[in-house]
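Contents: one structure, followed by commentary.
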Amino acid sequence: MRTYGQYCPIARGAEIFAERWTPVIIRNLYLGCGSFGEILQGAPGLSRTLLAQRLKQLERLGIVASEPKHEGRGHHYELTSAGRDLFKVCVSLGEWGAAWLEIAPEHLDPFVALWSMCNMLRRDRLPDGRVVIRFDFTGRRSSPERYWLLIEHADTEICKTYPGVDEDLYVTAEAEAFVKWHAGRLSWTEAVREERIRLHGPSWLVRAFPTWNAKSAFAHIKPVARRPSGSGGAAARRPSATARRN
């Protein structure tokens with residue numbers, strides 16, 4: 001791990017927190033991802049090798065603790081007190097990002113939004129029996145991206161291949177609309193009215209589905225209106241040399 005060679009707590013903390021993928025790993029652990037596979041699923045693009053390295057590093061630093069699973073192979077991971085405190089930095093960073101950063105096309109991965117939704121479901125509103133939902137996301141690739149969400153007794157699982165059981169509900173959605181709905185940037189009413197999200201299935205499931213989504217933890221943050229480049233800002237607010245002399 002590279003260091004800044006400074007005593008400043010900001011610099012020392014950044015040496016750990018600013019390592020690539022570390023904030024995402026901490027976020028996933030805080031959300032309850034306890035196994036290696038669960039952490040990896042919530043971080044598309046992260047390799048198994050790099051995740052293993054990061055977890056070992058975070059354990060050495062006392063941010064993550066692990067112990068062998070009681071059944072089967074592998075370990076169970078969780079944040080320590082230091083790790084839970086470090087998650088507060090993740091929250092502050094997320095609040096800043098929700099307020100000041102726009103959602104660009106490269107951020108419209110519907111799987112990440114579906115994974116996040118799966119972790120944020122309102123368990124008390126889920127049906128008692130098993131429900132299988134198929135998602136077809138359009139707008140990013142030539143062919144739709146297809147996933148399945150299995151819900152049974154408030155337990156959830158996302159499948160990337162057909163799970164072998166009949167679907168109860170079909171969701172067809174533009175990737176952008178689904179991501180922005182979960183992020184709180186688009187209302188369900190708007191998405192359905194504009195047919196950017198469409199549901200097919202029993203009427204009770206169609207009505208219930210949007211009520212299960214607790215949305216992103218940052219959905220309540222209203223984006224800050226940004227001035228177009230050149231229309232003001234620091235340069236416009238800075239007094240001229242003549243003004244400063246007067």
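The values are calculated or read from the model by the stated rules, or taken from the named source; none is laboratory data. Predicted, not measured: the structure shown is a model, and the values here were computed from it. Glycine gets a Cβ as well: all are built from the backbone with ideal geometry, and neighbour counts include every protein chain shown. Ligands, DNA and RNA are excluded from the accessible area calculation, which covers all protein heavy atoms including side chains. Shrake-Rupley method; radii C 1.70, N 1.55, O 1.52, S 1.80 Å.
Tell me, which residue of the range 165-185 that is open to solvent by less than 50 Å² (accessible area, probe 1.4 Å) and over 21 Å from Asn119 (Cβ atoms) is farthest from the chain's Cα centre (by Cα)?
Val165
Answer with yes or no whether Ser81 is under 21 Å from the mean Cα position of the chain (by Cα) and of a type in the set (Ser, Thr, Tyr).
No; evaluated as a whole, the condition is false for this residue.
Which of the numbered conditions does Ala214 fail, given that it passes all the others? Conditions: (1) modelled with pLDDT of 90 or more; (2) in contact with a Leu (Cβ under 7 Å, 6 or more places away or on another chain).
(1)
Please go through the range 15-50 and pick out each residue that is without any contact (Cβ under 8 Å) to a residue 60 or more places away in the chain, open to solvent by less than 30 Å² (accessible area, probe 1.4 Å) and farther than 18 Å from Asp109 by Cβ.
Answer for the range 15-50, where residues must be without any contact (Cβ under 8 Å) to a residue 60 or more places away in the chain, open to solvent by less than 30 Å² (accessible area, probe 1.4 Å) and farther than 18 Å from Asp109 by Cβ: Glu15, Thr22, Leu29, Gly34, Ser35.
Let's see how each residue does on (1) open to solvent by 30 Å² or more (accessible area, probe 1.4 Å); (2) charged (D, E, K, R); (3) modelled with pLDDT of 90 or more:
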position: Val112; (1), (2), (3): yes, no, yes
position: Arg122; (1), (2), (3): yes, yes, no
position: Gly129; (1), (2), (3): yes, no, no
position: Asp136; (1), (2), (3): no, yes, yes
position: Arg140; (1), (2), (3): yes, yes, no
position: Pro144; (1), (2), (3): yes, no, no
position: Tyr147; (1), (2), (3): no, no, yes
position: Thr156; (1), (2), (3): yes, no, no
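Hand me the list of helices (runs of 4 or more DSSP H) wholly inside the range 1-94 holding 2 or more residues that are farther than 25 Å from Arg122 by Cα.
The helices (runs of 4 or more DSSP H) meeting that bar are 9-17, 48-60.
So, in the range 127-154, how many residues would count as being assigned to a loop (DSSP other than H, G, I, E, B), touching a helix residue (DSSP H, G or I) at 6+ places or on another chain (Cβ under 9 Å) and farther than 20 Å from Pro105 by Cβ?
Residues that pass the stated criteria total 2.
Every residue, every condition in (1) in contact (Cβ under 8 Å) with a residue 24 or more places away in the chain; (2) in a loop (DSSP other than H, G, I, E, B), yes or no:
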residue: Thr156; (1), (2): yes, no
residue: Pro163; (1), (2): yes, yes
residue: Lys180; (1), (2): yes, no
residue: Leu186; (1), (2): no, yes
residue: Val192; (1), (2): no, no
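Within the range 221-233, is there a residue that is open to solvent by 100 Å² or more (accessible area, probe 1.4 Å) and either at pLDDT 95 or above or among the hydroxyl-bearing types (Ser, Thr, Tyr) (or both)?
Yes, the range 221-233 contains a residue that is open to solvent by 100 Å² or more (accessible area, probe 1.4 Å) and either at pLDDT 95 or above or among the hydroxyl-bearing types (Ser, Thr, Tyr) (or both).
Considering every residue within the range 53-76, establish whether at least one is surrounded by fewer than 12 Cβ atoms within 10 Å (Cβ to Cβ) and acidic (Asp, Glu).
For the range 53-76, residues surrounded by fewer than 12 Cβ atoms within 10 Å (Cβ to Cβ) and acidic (Asp, Glu): present.
I need every pair where a residue in the range 199-216 that is under 16 Å from Tyr170 (Cα atoms) has its Cβ under 9 Å from the Cβ of a residue that is of a type in the set (Ser, Thr, Tyr), sequence separation at least 6 or different chains.
Leu199/Tyr170; Leu199/Thr172; His200/Tyr170; His200/Thr172; Gly201/Tyr170
For the range 95-110, name all the residues that are modelled with pLDDT of 90 or more, open to solvent by 70 Å² or more (accessible area, probe 1.4 Å) and assigned to a helix (DSSP H, G or I).
Answer for the range 95-110, where residues must be modelled with pLDDT of 90 or more, open to solvent by 70 Å² or more (accessible area, probe 1.4 Å) and assigned to a helix (DSSP H, G or I): Glu95, Trp96, Trp100.
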